[in-house]
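S.K.: Got a structure here, written out as structure tokens. Questions coming.
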Amino acid sequence: MAPRIFLVMASETKEMSVALRYAALRAREVEGHVAILSVLPPSGMQLWRAVEEQLVLTGRRDAENRLQELGEMAHAASGRMAIYYFREGQPRDALLKLLEEDKSFAVLVLGASKSADGPGPMVNYLSGKGLARITLPLVIVPEDYLAAREQARYD
């Protein structure tokens, strides 16, 4: 049987870090893997070609560095190397396309913000009308899940 793969989307948010940690701990429990999707937004800049290429290259390098950091975090918690995916475009479109192309994912794990602005655009979309576009379980992890879990251990 193939190992279960828990897919997480890379971002700079607190809730993403919680989702990654949750996915890594679950992967460790079932001897699975964590996959991390990093999406580079389109540059949208109509500059001279060389300048635009340099901006894209810099953005990709930054994303690779961030992905490496996240992969190290996942490895430390799960005991296994993370799987990396890079895509360009809008995050929602890139995620849906990856899910269509690769059926090896067992679970999609997203972090949810508790801010007054709502849980975040991806959680809003996939827990609503976008749910019909995915065919795997969706786990939504509240941003304070790990703190609450840790506190429960001491109560």
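We did not get these values from a lab; they are worked out from the coordinates using the rules stated. Because the structure is predicted, anything quoted here is derived from the model rather than measured. Positions of Cβ are generated from backbone atoms using ideal geometry, with glycine treated the same way; all protein chains shown enter the neighbour counts.
S.K.: Take ASN65 and ASP117, extend 7 Å from each Cα along the Cα→Cβ direction, and tell me the distance between the two endpoints in nm.
M.R.: 2.4
S.K.: Right, something else. Would you mind checking the tilt of helix 145-154 against the longest principal axis of the Cα atoms of the chain, expressed as 0 to 90 degrees and rounded to 10?
M.R.: Roughly 30 degrees, rounded to the nearest 10.
S.K.: On to the next question. Could you work out how much longer the chain between PHE86 and SER104 gets when fully extended? Use 0.36 nm per residue separation minus the Cα distance between them, nm to one decimal.
M.R.: 4.9 nm
S.K.: What are the lysines whose alpha-carbon lies under 24 Å from the alpha-carbon of LYS14, with same-chain residues fewer than 8 places away excluded?
M.R.: Hits, sequence-local ones excluded: LYS114.
S.K.: Excluding same-chain residues fewer than 8 positions from LYS103, which lysines have a Cα within less than 26 Å of its Cα?
M.R.: LYS129
S.K.: Would you calculate the separation in nanometres between label points at LEU96 and LYS14, each defined as 7 Å from the Cα along the Cα-to-beta-carbon direction?
M.R.: Simple spin-label model gives 3.1 nm for this pair.
S.K.: At a 10 angstrom cut-off on C-beta neighbours, averaged per residue, how do the peptides 57-64, 119-126, 31-38 rank from highest to lowest?
M.R.: The densest-packed peptide leads the list: 31-38, 119-126, 57-64.
S.K.: With the radius of gyration and the Kirkwood radius both derived from the Cα set of the chain, what is their ratio Rg to Rh?
M.R.: On the way: Rg = 16.3 Å, Rh = 16.4 Å.
Using Cα coordinates only, the ratio equals 1.00.
S.K.: Compute and list, largest first, the equivalent-ellipsoid semi-axes of the stretch 59-133 from the alpha carbon gyration tensor, each √(5λ) rounded to a whole angstrom.
M.R.: Listed largest to smallest, the semi-axes of the stretch 59-133 are 22, 17, 15 Å.
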